[in-house]
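Worksheet: the structure to be examined is printed underneath.
Any read-out appearing in this document is the output of simple, stated calculations on the displayed coordinates, not a laboratory observation. Computed from a predicted structure; not experimentally measured. All Cβ positions, even for glycine, are placed from backbone atoms using ideal geometry, and neighbour counts span all protein chains on display.
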Amino acid sequence: MIRHIVLIKFQTGVSEEKIGELFQELHAIRSEVPGILSITAGRSESPEKIERGYMHGFVADFESWEALETYQNHPDHKALGAKLVANAVGGLDGILVLDIPVTS
C-alpha cells in the first residue's frame, strides 16, 4: 500500500467553505479512479500546534504505485491539483507531498 500525504497552506482569504468544496472534489475522484483504498481530508486539530501554517491536508491510501500513478494522471486530479495550487500560499510552494510505502 502507498500512503499519499498532502499538506496545504491555504491563502488567508480562502474560506473553510471553499476548502470543503475542494475536499468534496477530492472524495469524488475516489469513484473515478481504481485502486484508491481510502481518502481522509480536513483541518488540523493538533493539540501540539506546530502545523507551521499547513492547517489543512489529506491522506489517500492506494493499492500500489501503479494506482497512485493512475490517480496522478487522471484529468480530475489534475484539475483539482490546479485549484489547490491556485489557492495555496505561494502556489506550489504552499503544498507538501509525501508518498510512503506502508507494510504490515
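When you check residue 80 against the structure, is it buried (at least 16 other Cβ atoms within 10 Å of the Cβ) and in contact (Cβ under 8 Å) with a residue 24 or more places away in the chain, yes or no? For residue 80, the condition - buried (at least 16 other Cβ atoms within 10 Å of the Cβ) and in contact (Cβ under 8 Å) with a residue 24 or more places away in the chain - is met. Within segment 58-70, one or more residues are surrounded by 12 or more Cβ atoms within 10 Å (Cβ to Cβ), touching a Ser or Thr at 6+ places or on another chain (Cβ under 7 Å), within 17 Å of residue 10 (Cα to Cα) and not small (Gly, Ala, Ser).
Please go through segment 50-93 and pick out each residue that is in contact with a Lys or Arg (Cβ under 9 Å, 6 or more places away or on another chain) and aromatic (Phe, Trp, Tyr). If the condition is that a residue be in contact with a Lys or Arg (Cβ under 9 Å, 6 or more places away or on another chain) and aromatic (Phe, Trp, Tyr), then 54, 62 are the ones that fit. Mind listing just one residue for me: the one in segment 37-54 that is touching a strand residue (DSSP E or B) at 6+ places or on another chain (Cβ under 6 Å) and not hydroxyl-bearing (Ser, Thr, Tyr) and, of those, nearest to residue 21 (Cα to Cα)? Filtering segment 37-54 for residues that are touching a strand residue (DSSP E or B) at 6+ places or on another chain (Cβ under 6 Å) and not hydroxyl-bearing (Ser, Thr, Tyr), the one nearest to residue 21 (Cα to Cα) comes out as 41. The helices (runs of 4 or more DSSP H) falling completely within segment 1-93 that include 1 or more residues that are of a type in the set (Val, Ile, Thr) and under 12 Å from the mean Cα position of the chain (by Cα) map to 16-29, 75-87.
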